[in-house]
Every structure is written in C-alpha cells, then in structure tokens.
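Undergrad: Encoded as structure tokens, here's the structure I'll be asking about.
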Amino acid sequence: MDKSRAQWSSRLGFILAAAGSAIGLGNIWKFPGRAYEGGGGIYLLIYLGMVIFFGIPLMLTELSIGRASQANVVGAFRKLGHRRWSWVGWVGVLGAFIITCYYSHVGGWVLRYVFGYAMEAPAIYADPLGYFYATLGLGADENTFFPWVAILFAALFMALNAVVIIRGVESGIERFNKIGMPALFVILVILLVRSLTLPGAEEGLRYMLSFDTGKLSFDTVLSALGQAFYSLSIGMAILITYGSYLPKTEDLSKNTVLICAMDTMVAFLAGFIIVPAVFATLGADHVGKGGGFAFVSLAGVFEKMPGGRLFGVLFYVLLLFAALTSCISLIEGIVAFLTEQFGWERKRTTIVSCAVMFLIGCLYTCTQAAYPLKGIWLDAVNGLSFPPFCDAMEYFTDRLLIPICALGCCLFAGWVWKPESVIAEVEQHGVRFGLKRVYAVLIRYIAPLAILLILALSILGGKTFS
Ligand code: TRP
C-alpha cells in the first residue's frame, strides 16, 4: 500500500468523519418537515426501509471502491482497471462542487443565526421574516440591496472549512469531527428533552409515532428514497474518497451499518425535536421545511419556549456543526481529486477551490435575495425553462447528478467490477460479510431500477426527489 497516502488514525475517527459527512442540513432541517408531510410514523418506517435496502448497499459500494483503489473519485475507476468508468467520478466531483457552492452559503446563514440568537434574539423575535430578509439584503418594502451580511458570514464559514482541510485528513478532518460529532449528539439530547417536556408536545410526538397508511403514496416512497440518498451523502462519490483513507483491516460492512444507523438516528431525533416543539408552540400547520422554516418559523418556537434563547443558540450551533462536517467532506472530495489527479499542492488547491466555490455561491445568495439571475433547465413537462439561478443549481444536483452518479456506481459494482470484488474487498483479514447474496441482488438489479425510476421521473416529470 502507498505509504505516503493519508489514513484515518483510528476506527472511531473514520466513523465520526463519515457520520459527520452524512449528518448535515439534510437531517436536521429537511428531514423533520418531510417526515411531517409524509404522515409522521409511517414516513419514518418507509425511510428506514429505504436506508436498509438502498442506502446501506450503496454506501458499502462506494466505500469499497475507495478502499480497494486507494484513490480519489476519478482515479479510483482507473486504478481498478476501468478507465472508461471514470465519468462516474467526474459526475460526482461536479455534483460535490455545485453543492459546496450553495451549501457553504447556507452554512453562512446558520453562522449568522448563531450570533443572532446569542446577541440580539429580541430583534429576531420582533420580526423573524424581516430579520431573515435583512440577512439576505432585502428591504421591508421589497427593494434589494447587496446581501453583504449573508455573504460575509458565508466567507467566514468557508474559511473555517478551508482551515480544517488544509490541516489534512488526520489532524484536520478527523480531529474536528472528534470534537464536533460528540458535541452534536449532546446538543441533540438536550434539545430533545426540552422539546418533549413542553406542554402540548405529546400531540406532536403521537403524530410522529402514528402509522396512518392513508398517507402512503408513491410520491412519499420516492421522496423518502431521494432523502435517504442525500442524507447519507450517497451519489457524489465522496465516500469513495473517505473509504480510500481506511486501512484494510477495517470491517467495511459493519462500519457502513453503523454510519447509516447514526445518520438515521439523528434524522429521527431531529424529527422528534422539531415536530413536537412546533405542535406545542405554534400549532401543527406551522411545520415546514427549507430555509423559510429553519430561519423564520422556528423563531416563534424559541420565543414561546421557556429558556428559548439558550435553546435557540444551541439549535443553531447544532446546525452549524452538522453543516461544517458535511461541507468539509464535500471539499475534501474535491481537493483530493485535484491534488492527486493534477499533482497540485494541498494548501494552495484548498484556498483556490474554496475561493472559487464561495464566489459562485455568491450568485446563489444574490438570487435568494431576489436579484433576477437565471439558470437553465430542461425537462419533458416544462421544456426549456429559465428558473432562478439558485433553483437551477439544486435541480442539477438533486435531479440529475446525484442519481446519475449513484446509478453509475451501481452499474459499475454490479456488472463491471462485479459484486464478487466488493465482497472480496470486504472479506479480508478474517472479516465476514454476512448478507453478501442479498447485497449482490440489490446492487445488480433492485437499486439500479429504483434509481432509474427517480431519474426518469425527474427528467420526464420535472420532480425533485432529494
Ligand atoms: N448528507 C449531507 C446532509 O445531510 C449533505 C450531502 C449530500 C453531502 N451529499 C453529500 C455531504 C455528499 C457530503 C458529501 O446534509
């Protein structure tokens, strides 16, 4: 094995870093709203099924490709002797690049709110929407000025990422996750206790444990599948990079199950925090998802809850850690690719790529702030369209790049490199791979068909499933 290549120093370090990649904004701010819309308990059940049948096999596949090849996302396919499949890595890197552009800016807004709750919570309570608008540079009378607050905080957020990446895999990424992830779990538990002890929280809790099959629909199932992929960081080949830093003695299948379990647990916990808290304070119909919910509606929740300001700060610190550890993994995937493929130096590569992604992200924030920048999109329902630039970025990654890259990984592992190679990669140093037959069937037939369906619906039906 290449001695000069970076490696995780311990199993725990790797697990926390991979869990840190998976656990992100997707779990804490997207998941609760989706779980609510999808019918509560029944959605949790479907989601769990998606993680088990599709999430675990795909994550295991990406990690195995990485560890077997000991290379970055693009180099991996070449090293395994299938140069023609490098496109899968390219799609992954492109997806990671676009996601980082906007993820880092949303991370910046989160950072803004940590400061906001700590220093001027009454101003947020007084006018939650106005405060959010002011962050984005929008005046109350709908006129737009430059969103410098959002951009400043995004720059700060990006700089934090760069500092960790420059320090390297072991003393940067691993060390940061070893602090950030336990902190995240502690905050989650504190918030859970706070939420569930609010008067009126039982109703929300009951909803999250209800199994109303009437809410079941095809759309819900597909939405759960897309959410599972996004949440587990699948389909961007980032896990190939993280897997490549793993020693051969590690049990990949066990680690995969553990990482998926942690990610799912955090998503569920976030659901059990947010939904009951909103039920108890604002009422059921205020549960929502996305930016408006995370930054605007939640203000009312914290305002009404005893000790709300402290819990507000804690909540945004939680989001911040989640966003940072995910963003770090995205950037590491890109930096590993650039340094290995082109022989560039790590520090300079990190600084330049972070700067470029930050600048492109500014366009995202500016469009959120109502500057009329347009992107381009094509699907069978609307034909050629010019959605706002920020939406176009998300369409490209969620509707196109993630499913294509995931499909590429499945086809590669199922039909080209073959499930036997994945199994052989797992079964080294006395490790046993329990359900290898099931894995082979899933990766060859079932997962590719499900992803094809997602792709067809997003191109033909103009739908987003992540
Ligand atoms: N999983 C992250 C979240 O839940 C976001 C994400 C999607 C991601 N794809 C990724 C992170 C790839 C790292 C790599 O928010």
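Undergrad: Working carefully through the options PHE321, PHE389, find the one that is under 25 Å from the mean Cα position of the chain (by Cα) and in contact (Cβ under 8 Å) with a residue 60 or more places away in the chain. Give the steps one after another, and end with the answer.
TA: Numbers: PHE389 fails: in contact (Cβ under 8 Å) with a residue 60 or more places away in the chain.
PHE321 is the lone residue from the list that is under 25 Å from the mean Cα position of the chain (by Cα) and in contact (Cβ under 8 Å) with a residue 60 or more places away in the chain.
Undergrad: Also: Going by the structure shown, is VAL110 buried (at least 23 other Cβ atoms within 10 Å of the Cβ) and touching a residue at least 24 places away in the same chain (Cβ under 8 Å)? Talk me through it step by step, then tell me what you get.
TA: Values: buried (at least 23 other Cβ atoms within 10 Å of the Cβ): yes; touching a residue at least 24 places away in the same chain (Cβ under 8 Å): yes.
Yes: the conditions hold for VAL110.
Undergrad: Return a yes/no flag: does segment 32-42 have any residue that is within 30 Å of GLU427 (Cβ to Cβ) and within 14 Å of the ligand (Cβ to nearest atom).
TA: First, pick out the residues of segment 32-42 that are within 30 Å of GLU427 (Cβ to Cβ): none.
No - not one qualifying residue is present in segment 32-42.
Undergrad: Restricting segment 19-38 to residues that are outside any helix (DSSP H, G or I) and among the small types (Gly, Ala, Ser), which is surrounded by the fewest Cβ atoms within 10 Å (Cβ to Cβ)? Reasoning before the result, please.
TA: So the first thing to find is which residues in segment 19-38 are outside any helix (DSSP H, G or I), and the list is 23-24, 38.
Within this subset, residues satisfying the condition of being among the small types (Gly, Ala, Ser) are 24, 38.
Numbers: GLY24: 27, GLY38: 23.
Ranking the candidates gives GLY38 first.
Undergrad: Anything in segment 347-362 that is over 26 Å from LYS374 (Cβ atoms) and surrounded by fewer than 19 Cβ atoms within 10 Å (Cβ to Cβ)? List them, or say none.
TA: If the condition is that a residue be over 26 Å from LYS374 (Cβ atoms) and surrounded by fewer than 19 Cβ atoms within 10 Å (Cβ to Cβ), then LYS347, ARG348, ILE351, VAL352 are the ones that fit.
Undergrad: Given the structure, is THR213 touching a Gly at 6+ places or on another chain (Cβ under 9 Å), over 30 Å from TRP87 (Cβ atoms), within 12 Å of the ligand (Cβ to nearest atom) and in contact (Cβ under 8 Å) with a residue 60 or more places away in the chain? Spell out the reasoning first.
TA: Values: touching a Gly at 6+ places or on another chain (Cβ under 9 Å): yes; over 30 Å from TRP87 (Cβ atoms): yes; within 12 Å of the ligand (Cβ to nearest atom): no; in contact (Cβ under 8 Å) with a residue 60 or more places away in the chain: yes.
Here the answer is no, as THR213 does not meet what is asked.
Undergrad: Taking the condition of being more than 17 Å from GLY24 (Cβ to Cβ), among the aliphatic types (A, V, I, L, M) and within 16 Å of the ligand (Cβ to nearest atom), how many residues in segment 216-237 meet it?
TA: Kept after step one, since they are more than 17 Å from GLY24 (Cβ to Cβ), are these residues of segment 216-237: 216-225.
With among the aliphatic types (A, V, I, L, M) added as a condition, the list becomes 216, 221-222, 224-225.
From the residues that got through so far, the ones that are within 16 Å of the ligand (Cβ to nearest atom) too are 224-225.
The total comes to 2.
Undergrad: Can you confirm whether segment 43-55 contains a residue that is touching a Phe, Trp or Tyr at 6+ places or on another chain (Cβ under 9 Å) and under 18 Å from SER21 (Cβ atoms)? Reasoning before the result, please.
TA: Applying the first criterion (touching a Phe, Trp or Tyr at 6+ places or on another chain (Cβ under 9 Å)) to segment 43-55 yields 43-45, 47-48, 50, 54-55.
Now drop any that are not under 18 Å from SER21 (Cβ atoms), which leaves 54-55.
Within segment 43-55 (the criterion being touching a Phe, Trp or Tyr at 6+ places or on another chain (Cβ under 9 Å) and under 18 Å from SER21 (Cβ atoms)), the answer is yes, since at least one residue qualifies.
Undergrad: Going through ARG112, ARG83 one at a time, which residue ends up being more than 16 Å from the ligand (Cβ to nearest atom) and under 26 Å from LEU314 (Cβ atoms)?
TA: Values: ARG83 fails: under 26 Å from LEU314 (Cβ atoms).
Result: ARG112 is the single residue among ARG112, ARG83 that is more than 16 Å from the ligand (Cβ to nearest atom) and under 26 Å from LEU314 (Cβ atoms).
Undergrad: If you don't mind, there's one more thing I want to ask. Of all residues in segment 145-160, how many are part of a helix (DSSP H, G or I) and touching a Ser or Thr at 6+ places or on another chain (Cβ under 7 Å)?
TA: Pass one, segment 145-160, residues part of a helix (DSSP H, G or I): 148-160.
Restricting the remaining residues to those that are touching a Ser or Thr at 6+ places or on another chain (Cβ under 7 Å) gives 149-151, 154, 157-158.
Number satisfying all stated conditions: 6.
Undergrad: Only one of these is buried (at least 18 other Cβ atoms within 10 Å of the Cβ) and either of a type in the set (Phe, Trp, Tyr) or farther than 24 Å from ILE238 by Cα (or both): GLY434, GLY375, GLY430. Name it. I'd like the intermediate steps shown before the answer.
TA: Working: GLY434 fails: buried (at least 18 other Cβ atoms within 10 Å of the Cβ); GLY430 fails: buried (at least 18 other Cβ atoms within 10 Å of the Cβ).
Testing whether each residue is buried (at least 18 other Cβ atoms within 10 Å of the Cβ) and either of a type in the set (Phe, Trp, Tyr) or farther than 24 Å from ILE238 by Cα (or both) leaves just GLY375.
Undergrad: Sticking with this structure for a sec: Within segment 337-349, identify whether any single residue is among the polar types (S, T, N, Q), over 23 Å from GLU37 (Cα atoms) and within 16 Å of the ligand (Cβ to nearest atom), and answer yes or no.
TA: Filtering segment 337-349 for residues among the polar types (S, T, N, Q) gives 339, 341, 349.
Retained after the next criterion (residues that are over 23 Å from GLU37 (Cα atoms)): 339, 341, 349.
Subsequent filtering for residues that are within 16 Å of the ligand (Cβ to nearest atom) retains none.
Within segment 337-349 (the criterion being among the polar types (S, T, N, Q), over 23 Å from GLU37 (Cα atoms) and within 16 Å of the ligand (Cβ to nearest atom)), the answer is no, since none of the residues qualifies.
Undergrad: So, in segment 75-92, exactly how many residues are at negative phi and surrounded by fewer than 24 Cβ atoms within 10 Å (Cβ to Cβ)? Explain how you work it out, then say what you get.
TA: Quick first cut of segment 75-92, residues at negative phi only: 75-80, 82-92.
Next, from what is left, pick out any that are surrounded by fewer than 24 Cβ atoms within 10 Å (Cβ to Cβ): 75, 78-80, 82-87, 90.
Looking only at that region, the number is 11.
Values in this text are rule-based calculations from the coordinates and carry no lab data. Worth saying up front: this structure is predicted, and the values here are computed from it rather than measured. All Cβ positions, even for glycine, are placed from backbone atoms using ideal geometry, and neighbour counts span all protein chains on display.
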